[in-house]
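The structure appears below as structure tokens.
The values are calculated or read from the model by the stated rules, or taken from the named source; none is laboratory data. Here the structure is a predicted model, which means the values were calculated and not measured. Because the Cβ atoms are built from the backbone with ideal geometry, glycine has one as well, and the counts that use them run over all protein chains shown.
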Amino acid sequence: MIKELYTAALGMIPQQMRLEISANNLSNANTIGFKKEKLFERAIIEAKQNIINNFGLAENRDLNTATYTDFSVGNFEKTDNPLDLAIENPNAFFEVEDEMGNRFLTRAGNFALNKEGSIVAKDGKFLVADTGRLNLLREFTINNSAIQNTIASNIRISERGEVYLNQALIGRIQLVKVENPETLEKVSGVYFKPTPETQQRYLDFYETTIRQGWVETSNVNPVEEMVGLIELQRLFDLGAKVIQVHDQTLDQSLRVGRFV
């Protein structure tokens, strides 16, 4: 009886994890460059054998589940914003850098200009080029208050990643190609960092294909996630009812045992 309770609870834990993952995916359905998460259950046969044949062993083991990132490409959306960029190359990423010099990879190309004239991501991370951080004020002296109105309208980014301001070349965006994106470690919804298993390289000039005025949207399918949420909620409720029934049966067995 106790084992049945444990087995039912063990089956509910992955369902709860799936619910949390689906809810997070849905909340980021409109996040530029977001890559959805999925749940992977490992060693199911081994876990089942432990439950049946080795009493007590399975109960002491961690649940054989793990999450992984789906790196499929999202849809491209035209914005006509000169600082919105989309990567056509599969498995390629922009490289950004935080204030501490830590570098990350991302497919989120919705960039902007900060008050210092640097091209930055929405959270302030700097876009990295072959010359380092891309800053438009290194070559031009411009009133900071006029950056958004004056500079942005004169920025041109070529298909090969060359960044021009008023026809002057500022630098070239170098895309990072990752042979197996699944080796990347997810830092947040849109940022990743390499692991020791990651094989990466900078794309050559003629390999690079960037669309200016476009962004790659999230690869989350809201309808698919909603259907999955409904199904998971039903499975979770079913598991809860199984536990409730076994709990009531156990309680009745204990009551009968008192009079034996």
Collect the residues in the range 179-214 that are part of a strand (DSSP E or B) and among the aromatic types (Phe, Trp, Tyr), keeping them in residue-number order. PHE192, TYR202, TRP214
Across the range 187-204, what is the number of residues that are in contact (Cβ under 8 Å) with a residue 24 or more places away in the chain and under 16 Å from GLU95 (Cβ atoms)? 10
Just checking, which of ILE170, ILE210 is at pLDDT 95 or above, buried (at least 19 other Cβ atoms within 10 Å of the Cβ) and out of contact with any Cys (no Cβ under 7 Å at 6 or more places or on another chain)? ILE210
Can you name the residue in the range 191-215 that is of a type outside the set (Lys, Arg) and touching a Phe, Trp or Tyr at 6+ places or on another chain (Cβ under 6 Å) and is also nearest to GLY132 (Cα to Cα) among such residues? TYR191
If only one of ARG133, ARG138, ARG107 is modelled with pLDDT of 95 or more and surrounded by 13 or more Cβ atoms within 10 Å (Cβ to Cβ), which one is it? ARG107
In the range 85-116, the residues that are within 19 Å of the chain's Cα centre (by Cα), assigned to a strand (DSSP E or B) and not polar (S, T, N, Q): LEU85, ALA86, ILE87, ALA92, PHE93, PHE94, GLU95, VAL96, GLU97, ARG103, PHE104, LEU105
